[in-house]
Amino acid sequence: MDDYMIFAAVVAIEKIYYPILAVVGVSVNLVTIMIFSRGKCGLSGSTTRYLVAMATADLLVVILDLILRQIPIAYELSFVQLIPVCNIHAVLLYAVTDCTVWFTVTFTFDRFVLICCQKLRSKYCTKRMAALVLGTVTILCSLKDTTWYFMLTNWYWLNNNPWFCYMNVLMMLSDVWGAIEIFHSIFTPGIPFVLILLLNFLTVRHILASNRTRRRLRTVSKGDNHKDQEMDSRQKSIVLLFALSGNFIILWSVFMIYSMWQRLFNLGFDSVYIPPFILEIGFMLQLLSCCTNACIYAVTQRNFRQQLKNILNVPFSGVVQHVKC
């Protein structure tokens, strides 16, 4: 099977995959925001703010990227050509995409401080600091992505090309703008990949060392076999942290590799060839990452599961009461 046939098959799958993903993405992120905003999941205020911010950013990516870009391109909808603000859309889209990535980094750093830095965590792991960090990240990402306004024109392509706006040919071949685009790729998601892996490594190393020390102390203290609440709390934190960061790294890897290769290819580094359908798969996986966090919360957080059950039971309880009347 040649590249063209594989690409055609991927495009056909996208026409089914993207609408389903849009429905799921909007639904699960709205429910996640609702559940965490109630503050009944037994999480700290700072953790709740990070998780609400991540779900909000994921929801915006689903709307701006999946619904307003990928679905119209996949179905070749002609009304897209009438949109005169593609540049503004591009800035908003890349800004919220950066936010989803960097919110994951800031949450990872918050968990690192909470677990590994006892002297700092009382000052850093607070609701106020979380709001300050999230606001700063949002502003910086928005400022960085204003460059896309000048790099793209205001017309869509309708042949399932990865760009949703034309890029000026001079921009595409320019070393200066090429360097800017490489910076974008390094900033998101290149640097976050490195930071998340590093922070997770340091966190795990600290937990393993602390657990060995606590086990020795408990063994010395007359063979105490009671459950260690501190160790259980750390294990729950690390499970949630690893699930979120691992999900991000796995689902973003294909898109990151292709994006870096494409820019280098345009600048003349053409020793390696990656077929275009790989980027389409990268888009599919990247957008999937905006819909999977709710599943991670449901699997790893008992209180989240209970709140989810309560929300799902509301329509059925109303029907039961109506029948009884």
Read through the list (1) within 22 Å of the chain's Cα centre (by Cα); (2) at positive phi, then give the number of the only condition that residue 42 fails. (1)
Counted residues in region 14-54 being under 16 Å from residue 285 (Cα atoms), surrounded by 14 or more Cβ atoms within 10 Å (Cβ to Cβ) and of a type in the set (A, V, I, L, M, F, W, C) come to 3
What's the number of the condition residue 3 fails, among (1) more than 22 Å from residue 302 (Cα to Cα); (2) touching a helix residue (DSSP H, G or I) at 6+ places or on another chain (Cβ under 7 Å); (3) modelled with pLDDT of 90 or more? (3)
Residue count for region 10-55, restricted to those that are in a helix (DSSP H, G or I), over 22 Å from residue 137 (Cβ atoms), in contact (Cβ under 8 Å) with a residue 24 or more places away in the chain and small (Gly, Ala, Ser): 1
Take residue 98 and decide whether it is closer than 21 Å to residue 261 by Cβ, in a helix (DSSP H, G or I) and at pLDDT 70 or above. yes
List the number of the failed condition for residue 273; all other conditions in (1) under 29 Å from residue 100 (Cα atoms); (2) modelled with pLDDT of 80 or more hold. (1)
So the check is Cβ under 7 Å with 6+ separation or different chains; which pairs have a first residue in region 299-311 that's touching a residue at least 60 places away in the same chain (Cβ under 8 Å) and a second one that's assigned to a helix (DSSP H, G or I) and of a type in the set (Ser, Thr, Tyr)? 304/297
Let me spell it out: the conditions are (1) within 17 Å of the chain's Cα centre (by Cα); (2) not in a helix (DSSP H, G or I), and residue 58 meets all of them except one. Which number is the exception? (2)
Return the total of residues in region 284-298 being assigned to a helix (DSSP H, G or I), touching a residue at least 60 places away in the same chain (Cβ under 8 Å) and crowded, with 21+ Cβ neighbours inside 10 Å. 4
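The values are calculated or read from the model by the stated rules, or taken from the named source; none is laboratory data. Quick caveat, the model's predicted, so the values are computed rather than measured. As a convention, Cβ positions derive from the backbone with ideal geometry for all residues, glycine included, and neighbour counts pool all protein chains shown.
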